[in-house]
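The values are calculated or read from the model by the stated rules, or taken from the named source; none is laboratory data. Predicted, not measured: the structure shown is a model, and the values here were computed from it. As a convention, Cβ positions derive from the backbone with ideal geometry for all residues, glycine included, and neighbour counts pool all protein chains shown.
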Amino acid sequence: MIRILTKKLKDHFYRFEEYGGPNQVHAYLICGTEKALMIDGLWLAEGLLAEAEKVLRTEYEDYTPQNRAKKLEMLITHGHEDHAGKGMEEFLEAGCVVYLSEKDWLMLAEKYKDRKPQITFLTEKMCGGFTDSGQLVPGQEDGRMDFGSITVQIVKMPGHTPGSLLVWVPEWNTLFTSDAIGAGVLWMQLPECRPLSEYEMQVRRLLVFLENEKARTGIEVKIYPGHAQQIVADGNGVSEDSLAEDGEQEILTYHYVREVLELTEKIQDNPQIGQTKQIDYPGLEHVRVRSVGERLLYDYCYDEDRAR
Ligand SMILES: [Zn+2]
């Protein structure tokens with residue numbers, strides 16, 4: 001049975017894992033003093049809205065379903081259905097604001113065409129971006145959101161999809177990457193993926209940003225991906241404080257991001273380095289791709305014809 005596992009990660013911060021489905025996709029709820037943001041909408045599991053409301057009743061004394069639309073919003077990180085499924089339907093049905101990059105609308109247009117007026121589309125200008133020197137240039141308007149005790153900065157990172165978005169919460173030193181850099185598995189073979197040359201630049205900028213932040217604060221930014229952590233916590237490149245109290249590895253390390261960059265470079269140098277393999281996945285049956293892996297990023301899928 002497909003169900004949702006809810007975990008409180010720390011005060012005002014929750015994770016919802018879709019369990020028992022084709023993959024273990026994650027959504028996150030971050031609660032400021034004024035309102036809360038759900039990052040992504042899971043896929044096949046029902047009840048994300050109900051799980052969120054359980055939390056909201058504990059977080060906000062004045063929470064009622066009547067003021068839900070003022071208290072609860074959703075951001076879809078990219079246009080893949082496993083992040084924009086049942087939970088997104090429930091949030092739209094409930095009248096919540098749902099944000100999505102306009103660049104990824106086409107991927108979801110068929111499914112959500114009747115709901116289009118309810119979706120808030122984020123344009124390039126609204127989203128922030130990293131410069132070569134790792135500066136975060138903030139976006140305008142809706143791309144910068146104030147939730148009370150926390151602010152949320154939406155950052156564009158094209159690659160996995162043209163409209164892939166990251167969510168940066170400076171007050172928590174926390175970055176949500178969804179599928180933009182994968183989580184042990186990285187899919188860059190899909191027709192909608194951007195060329196690896198462009199992606200490489202994006203990953204490099206992200207890494208410089210992360211290193212700058214570490215130099216400034218003394219600790220690694222906490223990076224939460226869009227799927228169940230598939231990285232082996234073997235002590236090498238995995239710091240003690242990346243492990244939760246229950247021993248679960250919840251976040252990606254800088255070491256992982258470096259492997260993403262290194263493999264992106266290696267594949268472009270030699271698109272034949274990977275092994276051919278077949279992907280069987282709902283909607284993607286019998287697709288042949290190349291895959292190469294290192295230790296943390298063990299399954300980097302790409303299309304060799306589009307690798308240069
Ligand atoms: Zn995806």
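Here are some notes:
- Leu106, sole failed condition from (1) within 16 Å of the ligand (Cβ to nearest atom); (2) over 27 Å from Tyr19 (Cα atoms); (3) part of a strand (DSSP E or B); (4) aliphatic (A, V, I, L, M): (3)
- Taking the stretch 171-263 as the region of interest, none of the strands (runs of 3 or more DSSP E) fully inside it holds 2 or more residues being among the β-branched types (Val, Ile, Thr), more than 16 Å from the ligand (Cβ to nearest atom) and at pLDDT below 95.
- Subset tally (residues that are within 16 Å of the ligand (Cβ to nearest atom) and assigned to a helix (DSSP H, G or I)) for the stretch 109-165: 1
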